[in-house]
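A short worksheet on the structure shown next.
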Amino acid sequence: MKNILYLTLLKIDNLNQRGLYTDLARELSHRGLNVYVVCPRQRRLGLSTEVLVDGNVHLLQVRTGNITKANMIEKGLSTILIGRQYQRAIDKYFAGVKFDLILYATPPITFETVVRHYKMTHHAKTYLMLKDIFPQNAVDLGLLRRPGFLWWYFRKKEKRLYTISDVIGCMSPANVRYLLHKNPYLDVQKVEVFPNSIRPIPPVIGRKNYDLLAKYGIPSSSVLFIYGGNLGKPQGIDFLLSVVDAFHEVPNSFLLIVGSGTEFRRIRNHLEVKKPSNVRLIGQLPKSEYDELLESSDVGLIFLDRRFTIPNFPSRLTSYMEYSLPVLAATDKNTDLKDILLQSESGYWCESGDLKSFIKHATELACNSELRSQMGENARAYLEEHYDVSKTIDILLKHL
């Protein structure tokens, strides 16, 4: 059997978790491949490096520095060191295993050293799942200065990672075009579309959990708009707060914000001052409870900062589509998410900052249950056709 080394920054507690990366690992194992997953176990947990085995999937949890919920200096140092820490752990716990394919995602771009090592010593093929275009995304948000030493350092790392990758899988066609335009040295043949994908659960429509809604003070008769995910600078929090302040204009509706991130406290403080009656903020929830909230929701929301020049493609789209939710997205103009929503007739898009258009679309969705139902059905159908992990695995395995 072929052996796949799968490097990720995602915190994985067990292989039964549902999500982009764990669904991918399970599908690879179902295809008869040995999968060696390597993920971080951050220092704040106080736990040592450990290996868990489930059939032909091996999960190596490597003790690392703190990468999330840390200040910029700690996060930066931990990210720089993680490649070396992974390599030491792999050599110790997976000694004797010859890898045929190395699979990895950005962030971080600092995987370059560990990928290069196993490509050279194992003669393995290398596949980059490009989920994050750094350092340009940090430049867009004003977090890095271009030119500057840090930008130069990370840009050099980025180029090395692209060069060492035999294939680069991008989330969408716009990502492919952007990558080739900004990196003309790349061979066009090594870049392809490899979309975010999941193993969809059977469709669930109209199964609201009224006890759960009551738990969070959400009126059962209201149209529930939900945003779930990261609450950081990439989400364009200024516009999200503008939506919070204007959401009373959307008839019979409730806005639920679920997640964590660097801007969580800012959002919480804003709500404590403004005290909107139809908006609630909840911290990060267990996946199972968040999924129950999605089942009980009517519209899924996506926010991205309008300053982005890179075509981000938010992973939470698949979660909303899985639960047959229409999508209302407010993003930059460069993402082709807006094209997907238009093509699939599964939601509305407006540019982040255009509050008038956002409230208009939200009102249309709130007032028309048939529209929500039809867009939700379209979303689910589009997911099954384009974002089912079994189909994206076919893209990957043709390179083995």
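The values are calculated or read from the model by the stated rules, or taken from the named source; none is laboratory data. Values in this document were obtained by computation on a predicted structure and should not be read as measured data. With ideal geometry, Cβ positions are generated from the backbone for all residues, glycine too; neighbour counts draw on all protein chains shown.
Residues checked against (1) of a type in the set (A, V, I, L, M); (2) under 25 Å from Leu179 (Cα atoms); (3) touching a residue at least 24 places away in the same chain (Cβ under 8 Å); (4) crowded, with 24+ Cβ neighbours inside 10 Å:
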| residue | (1), (2), (3), (4) |
| --- | --- |
| Tyr323 | no, no, yes, yes |
| Val327 | yes, no, yes, yes |
| Lys333 | no, yes, yes, no |
| Leu341 | yes, yes, no, no |
| Glu345 | no, no, yes, no |
| Tyr348 | no, no, no, no |
| His361 | no, no, yes, no |
| Asn368 | no, no, no, no |
Original post:
With respect to Lys208, is the statement that it is among the basic types (Lys, Arg) and touching a residue at least 24 places away in the same chain (Cβ under 8 Å) true?
Top reply: yes
**OP:** Taking the options Gly217, Gly229, Gly236, name whichever one is in the same structural domain as Pro326 (by TED's automatic domain parsing), on the phi > 0 side of the Ramachandran plot and in contact with a Pro (Cβ under 8 Å, 6 or more places away or on another chain).
**Re:** Gly229
Subject >> Residue that is surrounded by the most Cβ atoms within 10 Å (Cβ to Cβ), among those in the stretch 244-259 that are within 19 Å of Leu294 (Cβ to Cβ) and β-branched (Val, Ile, Thr) >> reply: Ile257
**OP:** Would you please name the residue that is nearest to the chain's Cα centre (by Cα), looking only at residues in the stretch 208-255 that are part of a loop (DSSP other than H, G, I, E, B) and of a type in the set (A, V, I, L, M)?
**Re:** Leu231
**OP:** Mind telling me which of the residues Leu355, Leu301 ends up being buried (at least 23 other Cβ atoms within 10 Å of the Cβ) and either of a type in the set (A, V, I, L, M, F, W, C) or not assigned by TED's automatic domain parsing to the domain that holds Met129 (or both)?
**Re:** Leu301
Subject >> Spans of strands (runs of 3 or more DSSP E) in the stretch 1-103 with at least 1 residues touching a residue at least 12 places away in the same chain (Cβ under 8 Å), within 25 Å of the chain's Cα centre (by Cα) and buried (at least 20 other Cβ atoms within 10 Å of the Cβ) >> reply: 3-7, 34-42, 57-64
**OP:** Of the numbered conditions (1) closer than 30 Å to Tyr162 by Cβ; (2) surrounded by 14 or more Cβ atoms within 10 Å (Cβ to Cβ), Ile226 fails exactly one; give the number of that condition.
**Re:** (1)
**OP:** Please state which of the following conditions Gly148 fails to meet, knowing it meets all the rest: (1) within 21 Å of the chain's Cα centre (by Cα); (2) surrounded by fewer than 20 Cβ atoms within 10 Å (Cβ to Cβ); (3) among the small types (Gly, Ala, Ser).
**Re:** (1)
Original post:
Is one or more of the residues making up the stretch 151-164 in contact with a strand residue (DSSP E or B) (Cβ under 6 Å, 6 or more places away or on another chain) and closer than 16 Å to Thr309 by Cβ?
Top reply: no
Subject >> Residue pairs meeting the criteria (Cβ under 6 Å; at least 6 apart or on separate chains; first under 16 Å from Asn312 (Cβ atoms), in the stretch 162-181; second outside any helix (DSSP H, G or I) and among the aromatic types (Phe, Trp, Tyr)) >> reply: Gly169/Phe194; Met171/Phe313; Ser172/Phe313
